[in-house]
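Visitor: Can you keep this structure in mind? I'll have questions shortly.
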Amino acid sequence: MISELILKCRSFRRFYQEIAIPESDLLEMVNNARLSASGRNMQSMKYIIVHTKQMCNELFPLLSWAGYIPNQGGTPKDGERPSAYLVMLNDNNLSSNYFWDHGIAAQNILLTAVEKGWGGVIIGAVNREKLRELWKIPAHLDVLQVIALGKPKETVVIEPMTSDGSVKYWRDENGIHHVPKRTLEDIIVHLPNADK
Ligand SMILES: Cc1cc2nc3c(=O)[nH]c(=O)nc-3n(C[C@H](O)[C@H](O)[C@H](O)COP(=O)(O)O)c2cc1C
């Protein structure tokens, strides 16, 4: 069950833009982020919930999409853009050391989204300065990353990594998005004498 959900929980970048995510679902995602593990339990993550058309339109140009496929429509076109976003912030008044909290929280958000029939992608390439200026984000809040969300309008499949070791995802002629992953064996480190 959890393995199926993780497999389904891919990075989606094209959406049915006209389908809105109910605010209650966005709140449930943030609530599940709230329940995440947190280094020293400082819980310094904060969130801006973005779902109005105006805020979505303002945020979109400040994000960079699918860097490996700039010529294959990696950036969603108008009509296929996310219908909501969660901007993840760190509240430095609570703690300036947030360890890996934002990664764990992001995965809880995306798993919650997928379970409810939504999908999304973590966007780390954010024009933070412009965003701060535009929305007057207070100085004590650092913009860490953005989770783009919506009703996925694309198929994303996992592929075994080819022998050249390329990590680059690609799109085929049918628009299917392929993501190479290392094998299980590739990522397990066998220490000499470990079984003795
Ligand atoms: C920390 C982090 C930052 C990311 N930043 C971006 C980004 O700025 N733009 C983007 O299109 N995808 C971004 N991604 C999505 C990755 O490209 C994606 O996870 C990877 O291609 C593997 O695909 P999968 O999530 O479907 O397994 C980011 C993912 C992570 C974990």
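The values are calculated or read from the model by the stated rules, or taken from the named source; none is laboratory data. Predicted, not measured: the structure shown is a model, and the values here were computed from it. Cβ sites come from the backbone with ideal geometry, for glycine too, and all protein chains shown count toward neighbours. To get the accessible areas, we keep the full protein, side chains included, count just its heavy atoms, and leave off ligands, DNA and RNA. Shrake-Rupley method; radii C 1.70, N 1.55, O 1.52, S 1.80 Å.
Visitor: Assign one of three labels to the stretch 1-108, namely rounded, prolate or oblate, based on the Cα gyration tensor with a ≥ b ≥ c the square roots of its eigenvalues; rounded applies when a/c is under 1.5, prolate when it is not and a/b is larger than b/c, and oblate otherwise.
Guide: Judged from the Cα gyration tensor, the stretch 1-108 comes out prolate (a/c at least 1.5, a/b above b/c).
Visitor: Calculate one ³J(HN,Hα) per residue across the stretch 37-44 by plugging θ = phi - 60° into the Karplus curve 6.51 cos²θ - 1.76 cosθ + 1.60, and present them in order as whole Hz with x for glycine and proline.
Guide: Here the 3J(HN,Hα) series is 4, 8, x, 6, 6, 6, 6, 8 Hz.
Visitor: Okay, moving on. Can you flag which of Lys116/Lys168; Lys53/Lys116; Lys8/Lys136; Lys136/Lys168; Lys53/Lys181; Lys46/Lys168 are past 25 Å Cα-Cα?
Guide: The pairs that break the limit, which is 25 Å between Cα atoms, are Lys116/Lys168; Lys8/Lys136; Lys136/Lys168; Lys53/Lys181; Lys46/Lys168.
Visitor: Can you tell me the accessible area per residue over the chain, all protein chains present, probe 1.4 angstrom, in square angstrom?
Guide: Result: 58 Å² per residue.
Visitor: Also: Hey, got a sec? Which trypsin sites (Lys or Arg not before Pro) in the stretch 11-114 land in a DSSP loop and have at most 11 other Cβ atoms within 10 Å?
Guide: Sparse-neighbourhood loop trypsin sites (Lys or Arg not before Pro): Lys77.
Visitor: Also, I was wondering about something else. Please work out the C-alpha center-to-center distance from the stretch 4-75 to the stretch 98-134 and express it in whole Å.
Guide: Value for the Cα centre distance between the two parts: 5 Å.
Visitor: Could you compute the FRET efficiency for Glu4 and Met42, with r as their C-beta to C-beta distance and R0 at 35 Å, rounded to 0.05?
Guide: Taking R0 as 35 Å, the efficiency between Glu4 and Met42 is 0.60.
Visitor: So for the pair Lys181, Lys116, with labels modelled 7 Å out along Cα→Cβ, what separation do we get in nm?
Guide: 2.4 nm
Visitor: While we're on this one: Roughly speaking, what is the stretch gain from Glu173 to Leu35, that is 0.36 nm per residue apart minus the C-alpha to C-alpha distance, in nm to one decimal?
Guide: 45.6 nm
Visitor: For the chain, which whole-number percentage of the solvent-accessible area (1.4 Å probe, protein heavy atoms only) is attributable to carbon and sulfur atoms?
Guide: That share works out to 54 percent.
Visitor: Modelled label-to-label distance, Glu159 and Asp78, 7 Å Cα→beta-carbon offset: nm?
Guide: Result: 3.2 nm between the two label points.
Visitor: Can you compute the modelled spin-label distance between Lys136 and Ile69, with each label point 7 Å from Cα toward Cβ, in nm?
Guide: 4.0 nm
Visitor: Now for a different question. Can you give the % of DSSP beta bridges in the chain that are antiparallel, to the nearest 5?
Guide: Bridges in the chain that DSSP calls antiparallel: roughly 80 percent.
Visitor: Normalising by the residue count of the chain, find the relative contact order in percent from Cα pairs under 8 Å and 6+ residues apart.
Guide: For the chain, the relative contact order is 29 percent.
Visitor: Give the shape of the stretch 111-166 as rounded, prolate or oblate, defined through the alpha-carbon gyration tensor: a ≥ b ≥ c are the square roots of its eigenvalues, a/c under 1.5 means rounded, and otherwise the shape is prolate if a/b is larger than b/c and oblate if not.
Guide: Since a/c reaches 1.5 but b/c is at least a/b, the shape of the stretch 111-166 is classed as oblate.
Visitor: Where Rh is the Kirkwood radius over the Cα pairs of the chain, the temperature 4 °C and the viscosity 1.567 mPa s, what D in µm²/s does Stokes-Einstein return?
Guide: In µm²/s, the coefficient rounds to 72.
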